[in-house]
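Peer 1: Let me give you the structure first, and then I'll get to my questions.
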Amino acid sequence: MQFDDAKIKERIKAAISDGGRTERELHDIAFHMTDWLDDLEAYHAFCRDPESVTPANLKQLLTNFLVHVPNHVAAAGKLLLDLCVWDVFGVGAVDMTYEEKAKQFRLRLEVWGDHDDEPVIEFPSHKQIEEAVSKLDGDRLWGAQIQLHDIYAMKIAISKDPEEGGFEYWEGDISDEHAHFECADRRPPLNDVIRGFQQFAMGDHRWKQDFDWRPRNQA
């Protein structure tokens, strides 16, 4: 069984387009309800034939599903219905410290430049983010990226030339034209970038409203 990702997205967007939502909101809801279709396909195949999967492969299948799917579904529920996740079964499902979240979602911060790259910071604290990004000078150090897993990332690149560089983020499959966004202000103040990086790290999505984002292919 294979899913038609594009058709599913279009049907979802058409079904919810009567609520005064922007095209970006429609895209985000459809994205969050489809980015995990490969996980669904794998789980569906197992459910149809439980004996076809080895214990080791089943454990990996469940891990992939549970790491990837719940956050997307929670985001779609919030965007579409203003629903928040709560621990209805009382198992501590939403009780995590920042450090625990950073480790679980493989949060890391990279800073680089023309001469030598800085060490990668695994599970960076707010203070480490501030110290690293504030060093960017467009010369020795000109770029920084904060990343969750391997598909969610925010990057700033600066240059002495105001026409170069940019502030960008990725959300999902990099091959998806809707996954790559750029800030209209290519050189926002570093203090704003630091705040955006810190919010990104915390899972605080106010950075999406605080900056004027547009699809990269329209920039």
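Peer 1: Working from Cα positions, state the angle (0 to 90°, nearest 10) between the long axis of helix 23-32 and the longest principal axis of the chain.
Peer 2: 60
Peer 1: If you take Rg and Dmax of the Cα atoms in Å from the coordinates, which of (1) 21.7, 77; (2) 19.3, 60; (3) 17.3, 51 do you get?
Peer 2: (2)
Peer 1: For the chain, which span is the longest to avoid every loop-located (per DSSP) member of trypsin sites (Lys or Arg not before Pro) having at most 16 other Cβ atoms inside 10 Å? Don't jump to the answer; show the numbers that get you there.
Peer 2: Details: sites that count: Arg21, Arg106, Lys135, Arg140, Lys160, Arg206.
The segment 22-105 is the longest one with no such site.
Peer 1: Out of the stretch 54-92, which chymotrypsin sites (Phe, Trp or Tyr not before Pro) are coil in DSSP terms and have no more than 13 other C-beta atoms within 10 Å?
Peer 2: For chymotrypsin sites (Phe, Trp or Tyr not before Pro) across the stretch 54-92 that sit outside H, G, I, E and B with at most 13 neighbouring Cβ atoms in 10 Å, the list reads Trp86, Phe89.
Peer 1: Name the residues whose placed amide hydrogens come within less than 5 Å of the amide hydrogen of Phe123, ignoring near sequence neighbours (fewer than 5 apart) on the same chain.
Peer 2: Answer set, sorted by chain and number: Leu107, Arg108, Leu109.
Peer 1: Quick one: among Pro70, Pro50, Pro124, which has the greatest mean-square fluctuation in a GNM of the chain with alpha-carbon springs under 10 angstrom?
Peer 2: With Cα springs under 10 Å in the chain, the top fluctuation among Pro70, Pro50, Pro124 is at Pro50.
Peer 1: A further question follows. Given Cβ point charges of +1 (Lys, Arg) and -1 (Asp, Glu) and nothing else, what value in debye, to the nearest 20, does the dipole of the stretch 5-81 about its Cα centre take? Mind showing how you got there, number by number?
Peer 2: Numbers: 9 positive and 12 negative charges, 37 e Å.
Using only the charged Cβ atoms, the result is roughly 180 debye.
Peer 1: With +1 on the Cβ of every Lys and Arg and -1 on the Cβ of every Asp and Glu, and nothing else charged, how large is the dipole of the chain about its Cα centre, in debye rounded to the nearest 20?
Peer 2: For the chain, the charge dipole is close to 440 debye.
Peer 1: Still on this model: Count of lysine pairs in the chain with Cα atoms under 25 Å apart, counting only pairs 8 or more residues apart in sequence or on different chains?
Peer 2: Lysine pair count for the chain: 24.
Peer 1: A further question follows. Helix 5-15 against the longest principal axis of the chain: what's the angle in degrees, Cα atoms only, rounded to the nearest 10?
Peer 2: 90
A short reminder: the numbers here are calculations on the coordinates, not readings from a lab. Nothing here was measured: the structure is a model prediction, and the numbers come from that model. Every residue, glycine among them, receives a Cβ derived from its backbone with ideal geometry; neighbour counts consider all protein chains shown.
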